[in-house]
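Student: So that we are looking at the same thing, I have put the structure below in structure tokens.
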Amino acid sequence: MNIRILMSALFFTTAFQCCIRSEESAPKELIPPDSMVNILVDVHIAEAAANVARINDVEKFSASDLYPDIFKTHLTDSISFRKSFDYYLHHPKKLDKIYEQVLNELSRRESEPEQK
């Protein structure tokens, strides 16, 4: 029984330290949540465009071909984006809030009448 208590205490101590470390590990070039929303909206639109092109067998391209332009538009780069995205992946509550806004914006754009 003492071993179980010791193992439980060790587990909770380790888990607590991991949580503390993950809060401290924000990259210095962390993209703020509002900017991440805008970037992710453009990334998802690029992914959708690439999928439509594949389905319709028109000019084939990969969404990743558009990423450099997306990053340039949002004044960032792939390294900052990757580090920021990894940070948010390890902070699910923050990522949930970001994706809630991404979905709202994509829904809003989808409901707008098509401009010709």
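The values are calculated or read from the model by the stated rules, or taken from the named source; none is laboratory data. Remember, it's a predicted structure, so these values are computed and weren't measured experimentally. Cβ placement follows ideal geometry from the backbone for every residue including glycine, while neighbour counts extend to all protein chains displayed.
Student: Restricting to the stretch 45-64, and then to whatever is farther than 21 Å from Tyr99 by Cα, surrounded by 11 or more Cβ atoms within 10 Å (Cβ to Cβ) and not hydrophobic (A, V, I, L, M, F, W, C), can you tell me which residue is modelled with the highest pLDDT? Spell out how you get there, then give the answer.
Tutor: We begin by selecting, within the stretch 45-64, every residue farther than 21 Å from Tyr99 by Cα; these are 52-62.
Within this subset, residues satisfying the condition of being surrounded by 11 or more Cβ atoms within 10 Å (Cβ to Cβ) are 53-54, 61-62.
Among the residues that remain, those that are also not hydrophobic (A, V, I, L, M, F, W, C) are: 54, 62.
Working: Arg54: 71, Ser62: 82.
Ranking the candidates gives Ser62 first.
Student: Does the stretch 73-107 hold any residues that are surrounded by fewer than 11 Cβ atoms within 10 Å (Cβ to Cβ) and either more than 17 Å from the chain's Cα centre (by Cα) or not in a helix (DSSP H, G or I) (or both), and which are they?
Tutor: Selection gives Leu75, Ser107.
Student: Just one of (1) out of contact with any Pro (no Cβ under 8 Å at 6 or more places or on another chain); (2) modelled with pLDDT of 95 or more; (3) not charged (D, E, K, R) trips up Ile98, so point out which.
Tutor: (1)
Student: Another question about this same structure. Would you check if there is a residue in the stretch 42-49 being in a helix (DSSP H, G or I), of a type outside the set (Gly, Ala, Ser) and touching a residue at least 40 places away in the same chain (Cβ under 8 Å)?
Tutor: Yes, the stretch 42-49 has at least one match.
Student: Quick one: Leu40 ticks every box in (1) surrounded by 14 or more Cβ atoms within 10 Å (Cβ to Cβ); (2) of a type outside the set (Gly, Ala, Ser); (3) at pLDDT below 95 bar one, so which box is it?
Tutor: The number of the failed condition is (3).
Student: Further question on the same structure: In this structure, is Ile31 touching a helix residue (DSSP H, G or I) at 6+ places or on another chain (Cβ under 6 Å) and assigned to a loop (DSSP other than H, G, I, E, B)?
Tutor: For Ile31, the condition - touching a helix residue (DSSP H, G or I) at 6+ places or on another chain (Cβ under 6 Å) and assigned to a loop (DSSP other than H, G, I, E, B) - is met.
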